[in-house]
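A.B. asks: If you scroll down you'll find the structure; I have some questions about it.
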There are 2 protein chains.
Amino acid sequence: MRILLSKRAIRTLTPRFQRLWSTHSSFSTSGSGGFSDDPKPESWKTMEGLLRSPANFSPLSPITFLERSAKAYRDRTSVVFGSVEHTWLKTYHRCLRLASALTHLEISPGDVVAVLAPNVPAMHELHFAVPMADLILCPLNTRLDTSTLSVLLQHSEAKILFVDHHLLEVAHGALAKSDRTRKTPKLVLISQSNDDDDEDRSSSFDSNNSFDYHYEDLVKSGDSEFEVIKPRNEWDPISINYTSGTTSRPKGVVLSHRGAYLNSLATVFLHQMSVSPVYLWTVPMFHCNGWCLIWGVAAQGGTNICLRKVSPKLIFKSIATHKVTHMGGAPTVLNMIVSSPAGERKPLPHRVEIMTGGSPPMPKILAKMEELGFNVSHLYGLTETYGPGTHCVWKPEWDSLSLEERAKLKSRQGVQHLGLEGLEVKDPVTMETVPSDGVTMGEVMFRGNTVMSGYFKDLEATRKAFEGGWFHSGDLAVKHPDGYIEVKDRLKDVIISGGENISTVEVERVLCSHKAVFEAAVVARPDNHWGQTPCGFVKLKEGFDCVKPEEIIEFCRDHLPHYMAPKTIVFGDLPKTSTGKVQKYLLRKRADEMGSL
Amino acid sequence: MRILLSKRAIRTLTPRFQRLWSTHSSFSTSGSGGFSDDPKPESWKTMEGLLRSPANFSPLSPITFLERSAKAYRDRTSVVFGSVEHTWLKTYHRCLRLASALTHLEISPGDVVAVLAPNVPAMHELHFAVPMADLILCPLNTRLDTSTLSVLLQHSEAKILFVDHHLLEVAHGALAKSDRTRKTPKLVLISQSNDDDDEDRSSSFDSNNSFDYHYEDLVKSGDSEFEVIKPRNEWDPISINYTSGTTSRPKGVVLSHRGAYLNSLATVFLHQMSVSPVYLWTVPMFHCNGWCLIWGVAAQGGTNICLRKVSPKLIFKSIATHKVTHMGGAPTVLNMIVSSPAGERKPLPHRVEIMTGGSPPMPKILAKMEELGFNVSHLYGLTETYGPGTHCVWKPEWDSLSLEERAKLKSRQGVQHLGLEGLEVKDPVTMETVPSDGVTMGEVMFRGNTVMSGYFKDLEATRKAFEGGWFHSGDLAVKHPDGYIEVKDRLKDVIISGGENISTVEVERVLCSHKAVFEAAVVARPDNHWGQTPCGFVKLKEGFDCVKPEEIIEFCRDHLPHYMAPKTIVFGDLPKTSTGKVQKYLLRKRADEMGSL
């Protein structure tokens, strides 16, 4: 079923949405409307002369970044995707049209709109258009299987699903698995092509897979004079992001307009983006809304270089062609860059800032990246902190240190960014802060406006996560004497061997420093004597197939206390999430299946 | 009277303040305290699983910038004043001590603390320490006369007055004039010296002028473990700033923690400050809290170069010594720089970003500044918009234009910064937005979180200022086809001659382009035939004393429509406020006294 709505048709639909919203809203953007959710603060009642009015109050929302960029940077390039290029004014108008079209579909204010798409311009636009229509965006991981997708679509109660044409079949698979008694979401097809993309040119789009609307038709049919529906309250949800699911069943992290505004600005600050950066999209946009940089780049009127797929060749080509200034990526992206064949590389036009998160950059990769002309910064955060939450703020006096020392300092997760109120390493039971000795471990805890509103439909999990007035990250860390934190492990990854805690991260770091090792992950294996012992899963570099597990174990015993050295080494590929994180729960399962030593 | 409080004495004072605050507070920073001022948003009630907790909510306040910089930039230099140098950690501890000491004086939460001081480190510290003790700062203009000061001290109900030693006599003069039935504020003496300052070395401090406390004694006596009292609500006032009083009696503009946080970040963005800028204080700190940059520089862990007095020699010396990256100033500061004798100049170590506001930079000054190595940016705002509100965002394609064209573009006030929701030029009666034709005049109106909370004790004035849900600036402007606004005049300065509106700013621009003119201001003079005609007050450059008024008038008639050319020219110095704005109301009075033409 494919329905093409003409502009006229959409205009003549009953303006049910407008009506719904007007009864639903308590804040009027014109006139001196009331603020039922935000009464006049107590202090103002005792201080004569003050007045809360639309003149001096508006809910914080990243929507305003787009509105402003359409004025301040209107003729500058907002988005590049192959031969497609938009200006900020055009992006703004396209988003207005799309928002307008959305309000005419069978949907109500506050409903969830899901999207399953790679880093194409539509994915960028939906981050503005959906909230501009008072709807909540749910960006889905593009590598999820149909069963998980089906669960998420039902859990989120998405009314509309935007799908990239390459993923339409997956979407149909997911919908086929969903509960028949419930209404399935309407499908909107996105088919934006990138000439650079071979796969795209030979697109095997299956015309049998039906959809309800076409993305570009919606955009065309909408009204560019649409009046943006601002959140009535800045605490209104803007996005539901399902966690990557490395450890447990996915949870729907609800993010607010306020938090998104503040985290976007904080991320722009820590990324040191000045006016009009050129940002290369090597971080998946579905991942924490592209670390909040979909909104952040808009705040600075930058240019978004979209890529359907990430490859070293495309990265180097994009940097050279578009004079990319900033990019980001999990360590796998860095790994991909430094391991690329020389023939795929191009010289960088200038130093490129690259933010990495997920796990700390290894010294050898850091060295190679610097040699190639990148400046690597290290950030850390979780979906629950809107992506970036801390940053290893670099001190100028560290510049003169050896590579090894610099890598060691840079591998620390650092200090909180500007948007947070607090970052501490605490004993999760007593809630006492650990001493800043670089040794005592505790749980990383966050507090501030850039922490999620909660887990959707799981008040119990939210309560538990916020116990004691701090968000419990589930990560174990130490605090160094200079106040910088260093994550040692996931709380549930830590190995307890003979009563000693073993940080798997530290063992992995030693494994990765072996010349034959491409990447490694360590989990616990049951042990009759010690309870648990470390088990290392290792992917070898090409040409090192003759290396024996014993050699690796010996190397670890030379570089670690003996109890920390793995007793088992398994060679092979590591299972990963789409964001490049190793799926340790799968490795744990394999280690369990090996049985006790 | 001079009381030295020992640390012990202060500690043993009845903790009245602590008690007062605890009853006054409804928000607890630990535990999952209630939020009486911020109920759970409506939308959260319908969305299951969300929770507002100290984990995910904290009132926005620029205090957090200092707290974070004490961690992220702790060993970097925060303040330099002659031979005095502090790190961010030291500044933080000094502010904690001062805040702690304040809570032990005879003062209650929410009370006003005034300060009368130039750009010395104490002035910087008070911007943090006063709000950290839940008090409201009132930075007073250092050039006010005793009568005006007396009025402001009474109007603000200041309980404490911090005074620089050079201004102690003025402060006593003001207090002597105040209402005897009311309690006068306690005096705290600031006597921070700068070796660079000749006047300071030969300080004629009159020991007969009494005071209650000494600044450094308070700092010493306070507790560096003091727990910062965060605002219960981000709408709580942080500062009361009296307007410069160019046109009418001073008004107390109340600014909130939220607005200060947001305007600080927006100003850092528009000033393009990256991490650790070096900021030279040529803008008075009392002026809109140093355009919000006292807080903004803290957000980026920058270095504040303090100057007691501004002179070209000190400016060039400071830039060379401290590698200043950013500074600001009214056009008079720019004028001072370009007119300085070559012997007082030093080569700049790199391009220095200078923000100017108050009135647009003239082409000849712009050219000279660029030649000297400065990059001039133009911002615009009012005390009511926390200082900076708009910015003439520069477009790269303008770089290649002629100086004349660039100056013309740069003289425009531009577009709103990131903190604002709206900026429009509107008919103040119909509230209709003027067409973007560069010709139709209207009043500049602002809307957003960086607009004041209101005029202290003047609800009527607040209501009027916010009529129609927009803040009425009182400035007349046009909107250009590219969306940039250009201020043409103050609403009350505009001259109506024979029914035609004359922008005094335009006439002044032509006057200033005459080779003999140093600076000029134009006001209306009564005219029997035309109603009003322009009257120009002109300060001539040195060596041009022989120029006749007729020559100037002739020059204007050659460069303006005849009705816009002044009919009267008066030579002499222009009366100015301390921030460098011409006091037109004094000139208008003089023009009125000349009688009708």
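The values are calculated or read from the model by the stated rules, or taken from the named source; none is laboratory data. Keep in mind the model is a prediction, meaning the values are calculated, not measured. Please note: Cβ atoms are built from the backbone with ideal geometry, for glycine as well, and neighbour counts cover all protein chains shown. Only protein heavy atoms, including side chains, enter the accessible area calculation; ligands, DNA and RNA are left aside. Shrake-Rupley method; radii C 1.70, N 1.55, O 1.52, S 1.80 Å.
A.B. asks: Express the Stokes-Einstein translational diffusion coefficient of the protein assembly as shown in µm² s⁻¹, to the nearest whole number, given a Kirkwood radius over alpha-carbon pairs, 10 °C and a viscosity of 1.306 mPa s. Numbers along the way, then the final one.
C.D. replies: On the way: Rh = 32.1 Å.
Reported coefficient: 49 µm²/s.
A.B. asks: Provide the solvent-accessible area of A:Cys546, counting protein heavy atoms only and rolling a 1.4 Å probe, rounded to the nearest 10 Å².
C.D. replies: 100 Å²
A.B. asks: If each DSSP helix of 4+ residues adds -39,500 (n - 2.57) and the sum is divided by the residues in chain B, what number results at 222 nm, nearest 500 deg cm²/dmol? Mind showing how you got there, number by number?
C.D. replies: Values: 21 runs with 189 residues, N = 597.
Rounded to the nearest 500, the figure is -9000 deg cm²/dmol.
A.B. asks: Sorting A:Glu397, A:Glu384 by accessible area (1.4 Å probe), largest first, what list results? Provide the component values of the computation, followed by the final result.
C.D. replies: Details: A:Glu397 105, A:Glu384 20 Å².
Largest accessible area first, the list is A:Glu397, A:Glu384.
A.B. asks: Within 10 Å of each Cβ in A:70-82, how many Cβ atoms from other chains are there, averaged over the peptide? Display every interim value, and only then the final one.
C.D. replies: Numbers: counts 1, 8, 12, 3, 4, 3, 3, 0, 0, 0, 0, 0, 0.
If you average over the peptide's residues, the count of other-chain Cβ atoms is 3.
A.B. asks: Any chance you could give the angle, 0 to 90 degrees and rounded to 10, that helix B:584-594 forms with the longest Cα principal axis of chain B?
C.D. replies: 40 degrees
A.B. asks: So, one more: Roughly how many debye, to the nearest 20, is the charge dipole of chain B about its Cα centre, given +1 on each Lys and Arg Cβ, -1 on each Asp and Glu Cβ, and no other charges? Working shown, then result.
C.D. replies: Details: 68 positive and 68 negative charges, 245 e Å.
It works out to roughly 1180 debye.
A.B. asks: Here is a further query. Straight-line reach only, C-alpha to C-alpha below 29 angstrom: list the lysines that A:Lys313 could link to, leaving out same-chain residues fewer than 8 apart.
C.D. replies: The reachable lysines, counting only those whose Cα sits under 29 Å from A:Lys313, are A:Lys323, A:Lys346, A:Lys364, A:Lys368, A:Lys410, A:Lys515, A:Lys539, A:Lys541, A:Lys576, A:Lys581.
A.B. asks: Copy-to-copy spacing for B:Ser147, label 7 Å out on the Cα-to-C-beta vector, in nm, shortest first?
C.D. replies: Going from nearest to farthest copy, the values are 8.6 nm.
A.B. asks: Treating only the Cβ atoms of Lys and Arg (+1) and Asp and Glu (-1) as charged, compute the dipole magnitude of region A:73-120 about its Cα centre; round to the nearest 20 debye.
C.D. replies: On the way: 5 positive and 4 negative charges, 48 e Å.
Dipole about the Cα centre, nearest 20: 240 debye.
A.B. asks: For B:408-415, what's the mean count of beta carbons from other chains sitting within 10 Å of each residue's beta carbon?
C.D. replies: Numbers: counts 0, 0, 0, 0, 0, 0, 2, 6.
So the per-residue partner count for this stretch is 1.
A.B. asks: Another question, if that's okay. Can you give me the long-range amide H partners of A:Gly387? Hydrogens built in the peptide plane at 1.01 Å from N, cutoff under 5 Å, separation of 5 or more residues or another chain.
C.D. replies: HN-HN under 5 Å from A:Gly387: A:Leu382.
A.B. asks: Taking the Cβ of A:Leu574 as the center, what net charge do the other residues with Cβ under 9 Å away carry, scoring Lys and Arg +1 and Asp and Glu -1?
C.D. replies: Values: positive: A:Lys539, A:Lys576; negative: A:Glu519, A:Asp573.
Counting the neighbours of A:Leu574, the net charge comes to 0.
A.B. asks: Testing the spin-label approximation: label points 7 Å from Cα along Cα→Cβ at B:Phe518 and B:Asn375. State their distance in nm.
C.D. replies: 3.2 nm
A.B. asks: Also, I was wondering about something else. In nm to one decimal, list the spacings between the B:Ser340 label point and its equivalents in the other copies, with label points set 7 Å along Cα to Cβ, shortest first.
C.D. replies: Here B:Ser340 shows inter-copy label distances of 4.7 nm.
A.B. asks: Treating the point 7 Å from Cα along Cα-beta-carbon as the label, what are the nm separations from A:Lys323 to the other copies, to one decimal?
C.D. replies: With the label placed 7 Å along Cα→Cβ, A:Lys323 yields 2.6 nm.
A.B. asks: May I ask for the angle, rounded to the nearest 10°, between helix B:146-156 and the longest principal axis of chain B, with both axes built from Cα atoms and the value confined to 0 to 90°?
C.D. replies: Rounded to the nearest ten degrees, it is 50.
A.B. asks: Still on this structure, please answer the following. Give the aspartates and glutamates reachable from A:Lys230 as a straight Cα distance under 12 Å; neighbours fewer than 8 places away on the same chain don't count.
C.D. replies: List returned: A:Glu67, A:Asp134, B:Glu421.
A.B. asks: In degrees from 0 to 90, rounded to the nearest 10, what is the angle of the helix A:63-72 Cα long axis to the longest principal axis of chain A?
C.D. replies: 80 degrees
A.B. asks: Take the solvent-accessible surface of the protein heavy atoms, probe 1.4 Å, and return the percent of it on the protein assembly as shown that carbon and sulfur atoms account for.
C.D. replies: Working: 22440 of 44010 Å².
The nonpolar share, carbon plus sulfur, comes to 51 percent.
A.B. asks: Below 11 angstrom from the Cβ of A:Ser340, what's the summed charge of the other residues (Lys, Arg +1; Asp, Glu -1)?
C.D. replies: On the way: positive: A:Lys313, A:Arg345, A:Lys346, A:Lys368; negative: A:Glu344.
Net charge in that neighbourhood comes out at +3.
A.B. asks: Something else about it: Give me the extension gain from A:Asp482 to A:Ser193: residue separation times 0.36 nm, minus the current Cα-Cα distance, reported in nm with one decimal.
C.D. replies: 99.1 nm
A.B. asks: If I take R0 = 45 Å and measure r between the Cβ atoms of A:Arg143 and B:Lys323 in this structure, what FRET efficiency does the formula 1/(1 + (r/R0)^6) give, to the nearest 0.05? Could you put the intermediate results ahead of the total?
C.D. replies: Details: r = 49 Å, r/R0 = 1.08.
E between A:Arg143 and B:Lys323, to the nearest 0.05, is 0.40.
A.B. asks: Can you sort B:His165, B:His124 by 1.4 Å-probe accessible area, starting with the largest?
C.D. replies: On the way: B:His165 20, B:His124 0 Å².
Greatest to least solvent exposure: B:His165, B:His124.
A.B. asks: What share of all Cα pairs of region B:286-398, in percent, falls into each consecutive 10 Å distance bin?
C.D. replies: With 10 Å bins starting at 0, P(r) equals 13, 45, 36, 6, 0.
A.B. asks: Starting from the Cα of A:Lys183, draw a straight line to each of the lysines and keep only those under 23 Å, dropping any in the same chain fewer than 8 residues away.
C.D. replies: Straight-line reach from A:Lys183, under 23 Å: A:Lys159, A:Lys251, A:Lys457.
A.B. asks: Provide Rg over Rh for chain B; use the alpha carbon set for both Rg and the Kirkwood Rh (inverse mean inverse pair distance).
C.D. replies: Numbers: Rg = 24.8 Å, Rh = 25.5 Å.
Using only Cα positions, Rg/Rh for chain B is 0.97.
A.B. asks: Where both partners of a DSSP beta bridge lie in chain B, what percent of those bridges are antiparallel, to the nearest 5?
C.D. replies: Details: 48 of 84 bridges.
Just about 55 percent of them are antiparallel.
A.B. asks: Separate question: Provide the FRET efficiency to the nearest 0.05 for the B:Thr430-B:Lys183 pair, computing r from the beta carbons and using R0 = 51 Å. The partial results should precede the final answer.
C.D. replies: Numbers: r = 48 Å, r/R0 = 0.95.
Given R0 = 51 Å and the Cβ-Cβ separation, E is 0.60.
A.B. asks: Would you mind giving the mean number of other chain beta-carbons within 10 Å of the Cβ of each residue in B:313-321, as a whole number? Working shown, then result.
C.D. replies: Details: counts 0, 0, 0, 0, 0, 0, 0, 0, 0.
The shielding value for this peptide is 0.
A.B. asks: Among residues other than B:Ala122 whose Cβ falls under 11 Å from its Cβ, what is the net charge (Lys/Arg +1, Asp/Glu -1)?
C.D. replies: Values: positive: B:Arg94; negative: B:Glu125, B:Asp164, B:Glu216.
Around B:Ala122, the surrounding residues sum to -2.
A.B. asks: Could you put A:Trp291, A:Trp281 in order of accessible surface area, largest first, with the 1.4 Å probe and the full protein assembly present?
C.D. replies: Values: A:Trp291 20, A:Trp281 0 Å².
Most to least solvent-accessible, the answer reads A:Trp291, A:Trp281.
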